[in-house]
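Okay, structure first, notes after.
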Amino acid sequence: MAGLWKLPMVYVCENNLYGMGTSNERHSYNTKYYARGDKIPGFKMEGQNVLAVREAIKYAGAYSLENGPICIEFSTYRYHGHSMSDPGKSYRTKEEVADVRKNRDPIEIARNIMLDNDWAQAGELKDYEKMVRKDLDEQVQQIMKDPYPQPEDLYKDLACTDGHYIRGVEYKMTQHEPLV
């Protein structure tokens, strides 16, 4: 429908190479996900490089406004398992994970781009990393002190307007509370 109507849509497939604990090659006959749209054009690219992703999105946005939908398959990677029931150790080797960390880690790619282009100095980045780690540690400590949320907290900070009803939601506001 999007192709037929030439809707300005950018479809994104984030491909981390594994569906739960199964590699792409074992669960899909056609692993060229970007090409599955038949008449909708698409391309595959490195999804671990934040600047390349930005440029791809800019291109795809401009393309879709002019020509209709386009699909991008971003090749990414997850270092850990998919969930608690999937530790991610049985279907890939330590060497594979180490190789991705060494050659495709998004933070290292960004760091190298900044250093190679003299956008930052190594000392600046190290200082910034220390500041971020300190801030995160402080936030974790605060979170550990915070009380557990109560059931009524589920309904706080939600936007609600007259006349809207969500099927299956039993809670009904008796009065409109100010949004915080």
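Structure values in brief
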| quantity | calculated |
| --- | --- |
| Residue in the range 123-145 that is closer than 14 Å to V50 by Cβ and touching a residue at least 12 places away in the same chain (Cβ under 8 Å) present | no |
| So L65, is it modelled with pLDDT of 90 or more and part of a loop (DSSP other than H, G, I, E, B) | no |
| Filter result for D118 (at pLDDT below 80, at positive phi and not hydrophobic (A, V, I, L, M, F, W, C)) | no |
| Conditions (1) out of contact with any strand residue (DSSP E or B) (no Cβ under 8 Å at 6 or more places or on another chain); (2) at pLDDT 95 or above; (3) part of a loop (DSSP other than H, G, I, E, B); number of the one not met by Q48 | (1) |
| Some residue of the range 80-97 being among the aromatic types (F, W, Y), in a helix (DSSP H, G or I) and modelled with pLDDT under 90 | no |
| Selected residue (only one of V50, V10 is exposed (fewer than 15 other Cβ atoms within 10 Å of the Cβ) and touching a residue at least 12 places away in the same chain (Cβ under 8 Å)) | V50 |
| Residue in the range 37-44 that is loosely packed, with under 13 Cβ neighbours inside 10 Å, within 28 Å of M114 (Cβ to Cβ) and not hydroxyl-bearing (S, T, Y) present | no |
| Residue match in the range 116-124 (condition: out of contact with any strand residue (DSSP E or B) (no Cβ under 9 Å at 6 or more places or on another chain), surrounded by 12 or more Cβ atoms within 10 Å (Cβ to Cβ), within 29 Å of N16 (Cα to Cα) and not aliphatic (A, V, I, L, M)) | no |
| Neighbours by Cβ (under 7 Å, 6+ apart or cross-chain): first from the range 58-78, within 30 Å of R101 (Cα to Cα); second among the charged types (D, E, K, R) | E73/K44; F74/E14; S75/K44; S75/E46; T76/E14; Y77/R104 |
| Residues of the range 99-122 satisfying the condition of being under 13 Å from Q48 (Cα atoms), assigned to a helix (DSSP H, G or I) and either touching a residue at least 40 places away in the same chain (Cβ under 8 Å) or charged (D, E, K, R) (or both) | R101, K102, P106, E108, I109, A110, R111, I113 |
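The values are calculated or read from the model by the stated rules, or taken from the named source; none is laboratory data. Computed from a predicted model, the values in this text were never measured in an experiment. Heads up, the Cβs are rebuilt from the backbone with ideal geometry, glycines too, and the neighbour counts pull from every protein chain shown.
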